[in-house]
Amino acid sequence: MNGNPGPPPAHGTDAAAIEAANRALKDAAWAEQNGLAERAIAAYRRVVQLAPHIHQAHNNLSGLLLGIGQAQEALAAARQALALQPDDPMVNANAGQASVACGLVDEGIALLRKALLARSDMHPLRALLADVLVDAGRLEDGAALFSSVEGQYQNDARFLAAAARLYARVGLAGSAEASYIRLLQLEPRRAATYNDCAQLYNEHTQFSKARELCLKGLMLEPDAPVMWNTLANAQACMGQTGEALQSYHRALELAPALAATRSNLLLAMHYSSEVTPAQRVQAHREFGRLHAQPAAAARAFANSADPGRRLRIGYSSPDFRTHSVAFFFEPLLEHRDREGFEVVAFADVKGPDAVTARLRSQCDEWHSIVNLPDAVIAERVRAAGIDILVDLAGHAGNTHAAALAWKGAPVQVTYCGYPDTTGLEAVDYRITDDIADPPGVDADYAERLVRLPGSFLCFRPPPLLPDITPPPGPGRGHVTFGCFNREFKVSKQAYDLWARILRSVPGSRLVMKCLGAADAGTRAFLLGEFERRGIPAARIELVGFIASQQEHYGWYRQVDVALDTFPYNGTTTTLDSLMMGVPVVTLAGDCHAGRVGASLLTRIGIPEFIARDADEYVALAIELACDPERIAGLHGSLRQQLFASELCDGATFMAGFEFALRGMWANWCRRQGATLTPRQQAMAAFDFSVLRRS
């Protein structure tokens, strides 16, 4: 939070110094106003050298340094300003931000509170402090900064906008909605409010309301790219993939540089059975072309090129919370070699919860990157001395995929959260296996593929699970198929094949459990897809979100046979199904997203449920549905078969995973001139046979 450039130098310095300082002040102000951060920083450095008593110069220098990720230098400048003007709210605000960025959270909170006490009308400052409190796990304290003064600012649009955003972040959806409604009453033609409220509805499964708000907002501002993006998100969540792709394309026509929107488009392309592999590959390459940062990626690193030393591994994700990624991230923490690796998390978690706290407690360091620009995120990673940064999100719900282009670590890896390439040359490796990514697909990736010796995933089952009951079919007199994947994974081809299966198995039903089932518009769309294919709505049961994990798993007791989605397979849902004894029929596709099911079923020893084409998928489902004895046997054995498989063997998996990390690091060290031992050479070649012999 920068103030004005400051007064001219005081009398008492020599005339030449005064003149030079004045020139530097003017240059700094001009550069800052025109977004030339490096020039402004250089000018302010000159001012504080010539006239160190000008607190505004120190303060503005601090804000600019913080803006480019130089947290330690920013804090030093802020403390200089604070020594000169300890009661200035702007100085306290900057010093608070810099302290937080350097990990001095309690000190930062105290400084920000002091600033807000002096300037309670500064709502951006109130929002900043609230975010810091939320990042520290103090959600109630963050919300109280707004709820305690609501009565004073009910007619203040800036306050209401900030309050709504904060309430949404901490899960107070009702309070957030009330703030947005009040804001619309005050400013009914403020299109941004329609967009923000629509985002809230998207986050809380009210997809139809989100779509309608976006359409109203677009009547006010038809060329608002962010609104088109939010509309596309709503359409995708309703299962309307074709319409969503059109809306994403429209947003990018208006603003081609919107990296987050392009990431959303790339993810949504995997949902459609009508998008070709060549189109997906080209779209990812286009992302890499548009968002590459070659100058930043070419910067040297100060990391010691010692291939055998303890490494600092960074993991970056927005999903360190109640999310499927946690099932696969936690084994990496539990089974890691603590003597060989430190773990540092970079969390873009807007709504931290109990899972966030649990994951945080298992990491050596934790950095919040919420609301930070891409370049600053990379600087935070660099400043933390990370050797290998492992991205766990890719383009899946990640607003910061482009941050990887700024190359915050010597080695960057993408893994787990996204079923495709990032498209970025700055990302060196992608961890996978030889079933999800068989030989011959490497050219489709910007990264070098590293295929682990077994599964590319390790699964941590929840500690408490309901007992498995016999399949429901014999007692009901009909077979129940099930799919618990999100509605956007159900492609047109999936509807076609599921309708064929239902027609071929008399009396059979399908249970679809998905978030959108609670939304009236989404329900109508989903049921309409079946009715257009001749399947009455009465044969389809839609089940919405269930907060209780135990009740969620309990719904698998209602299913005889699970049907996987395609071309984007399920992952956690497939494992959940097997964990509850329900067999899964999958269709192996032509890319990673469509081959995860094949990888999982192979690893637990039931490859017979992997179909090679659409007709075989239908035939397998029908054959299994007509064999109740086989279904009963599978319901009684699949849980233990999963738990005994390599998918749940954390120690063995982590040995291979860390061998791969060591190989990546050895390759970087060798390029810096290091000499590798024979074992390190094997690591660099990703020769996992050495690991098996040791």
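Brief remarks follow.
- Each Lys and Arg adds +1 at its Cβ and each Asp and Glu adds -1 at its Cβ; summed about the Cα centre, region 299-429 shows a dipole of about 260 debye.
- Span per principal axis, largest first, for the Cα atoms of region 294-451 (Å): 42, 36, 33
- Listed by chain and number, the aspartates and glutamates whose C-alpha is less than 14 Å from the C-alpha of Lys492, apart from same-chain residues fewer than 8 away, are Glu243, Glu274, Glu529, Glu531, Asp564.
- Whether region 1-119 is rounded, prolate or oblate, judged on the alpha carbon gyration tensor where a/c under 1.5 counts as rounded: prolate
- Inter-centroid distance (Cα atoms) of region 446-484 relative to region 501-558, Å: 18 Å
- Remark: relative contact order (region 1-119) = 21 percent; criterion is Cα-Cα distance under 8 angstrom and separation of 6 or more residues.
- For the set Lys114/Lys216; Lys209/Lys489; Lys216/Lys350, the pairs lying more than 32 angstrom apart at their alpha carbons are Lys114/Lys216.
- Whole-Å distance, taken between Cα centres, linking region 183-211 and region 231-269: 18 Å
No lab work stands behind these numbers, since they all come straight from the coordinates. Just so it is clear, the structure is predicted and the values come from calculations on it, not from any experiment. Backbone-built Cβ (ideal geometry, glycine too); neighbour counts: all protein chains shown.
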